[in-house]
Amino acid sequence: MIHLALLRHGHTPWNRAGRIQGRTDVDLDTDARAELSEFRLPAPWDQADLWSSPLLRAAETARLVSGRTPKTDPALIEMNWGDWEGKQGTILRADPASGFRDIEEWGWGFTPPNGESPAALRRRLIPWAEALTQDAVAVCHIGVMRVLMAQATGWDFAGPAPFQIKRNRLFILHIGADGWSADPDPVRLIKAAP
C-alpha cells in the first residue's frame, strides 16, 4: 500500500482575481510566499518523497513548505482549460453562449473548448500515481486533486463532491492492489519553528 498526500499550491494573482489558470504558468503572489514560508509538512510527510507539478506555483509551494527541491512530473500539470484559460469563471457562467458549466455538472467526459476533460486528466494521472514505490507528497493543482480524489472516493463529477479542497492541508490517499481510498479528514500543515 502506498500513501499519497496531495497539497494544493498557494495563491497566485489569478486565483485572487477569479481567473482560470489551467496550464498558464502563473507564479505565487507575495502574500502567498509569506504565508507558505510560515508552514512546514508535518511528520511523517516531511520525510516522504516530494513531487510537484513543473508549473512555478506548485514547485515553489513545495520548496517553501519542505525546504527541499521537489521532483517534477508533467503528469501533475493542471488540467488544460483551453479557450477558458485566463478568463473569469463568473463572466463565463453569465454568458450562455460560452458553454461554461460548473465542474460539479461535468461528468468525466465534459471538455472545455480546446481543453482537456477530467477523463483525459485521469488517463495521465493514474499511471503516475500507481507507479509510486514509496509514500509521497505531491504539490499540485485543484483539477489534479479533484481527479485523484474522485478516483479514491468514487465521485463522478456529477453533483457536489464528497470533499472540499482547501489550501495548507494534505489530502491523504491510499493506493493498493485492491483499489484506492481516501482519509475522510485532511491533515493541516504545521507552523514552522521560529
* Can you spot a residue in segment 28-45 that is among the charged types (D, E, K, R) and assigned to a strand (DSSP E or B)? -> yes
* Structure fact -> Of Arg101, Arg123, the only residue that is among the basic types (Lys, Arg), open to solvent by 70 Å² or more (accessible area, probe 1.4 Å) and at pLDDT 95 or above is Arg123
* segment 62-87 - residue that is in a loop (DSSP other than H, G, I, E, B) and of a type in the set (Lys, Arg) and, of those, nearest to Pro194 (Cα to Cα) -> Arg68
* Structure fact -> Inside segment 55-91, the number of residues satisfying the requirement of being within 19 Å of Glu35 (Cα to Cα), among the charged types (D, E, K, R) and under 13 Å from the mean Cα position of the chain (by Cα) is 1
* To do: With the checklist (1) open to solvent by 60 Å² or more (accessible area, probe 1.4 Å); (2) of a type outside the set (A, V, I, L, M, F, W, C); (3) modelled with pLDDT under 95 in hand, flag the one item Thr133 doesn't pass.
  => (3)
* Asked: Which residue, of Arg101, Arg123, Arg57, Arg40, is closer than 23 Å to Leu189 by Cα, among the basic types (Lys, Arg) and out of contact with any Leu (no Cβ under 6 Å at 6 or more places or on another chain)?
  -> Arg40
* Which residue, of Glu78, Glu85, Glu38, is in contact (Cβ under 8 Å) with a residue 40 or more places away in the chain, over 30 Å from Ala177 (Cα atoms), in contact with a Ser or Thr (Cβ under 8 Å, 6 or more places away or on another chain) and not basic (Lys, Arg)? -> Glu85
* **Checklist (1) in contact with a Ser or Thr (Cβ under 8 Å, 6 or more places away or on another chain); (2) at pLDDT 95 or above applied to Trp106, failing item** => (2)
* Of the criteria (1) part of a loop (DSSP other than H, G, I, E, B); (2) in contact with a Cys (Cβ under 6 Å, 6 or more places away or on another chain), which one Ala58 fails -> (1)
* Being of a type in the set (Lys, Arg) and in contact (Cβ under 8 Å) with a residue 12 or more places away in the chain is the filter; apply it to segment 41-73 and report the residue that is nearest to Ala129 (Cα to Cα). => Lys71
* To do: Return yes or no: is Asp27 in contact with a helix residue (DSSP H, G or I) (Cβ under 6 Å, 6 or more places away or on another chain), open to solvent by 50 Å² or more (accessible area, probe 1.4 Å) and at negative phi?
  => yes
* To do: Please specify each residue of segment 93-108 satisfying the condition of being in contact with a helix residue (DSSP H, G or I) (Cβ under 9 Å, 6 or more places away or on another chain) and in contact (Cβ under 8 Å) with a residue 40 or more places away in the chain.
  => Ile103, Trp106, Gly107, Trp108
* Return the only residue of Arg101, Arg33 being charged (D, E, K, R) and under 20 Å from Val147 (Cβ atoms). => Arg101
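The values are calculated or read from the model by the stated rules, or taken from the named source; none is laboratory data. Only a predicted model underlies this, so the values are computations on that prediction, with no experimental measurement involved. All Cβ positions, even for glycine, are placed from backbone atoms using ideal geometry, and neighbour counts span all protein chains on display. The protein model used for the area step is the full one, side chains on, heavy atoms only, and it has no ligands, DNA or RNA in it. Shrake-Rupley method; radii C 1.70, N 1.55, O 1.52, S 1.80 Å.
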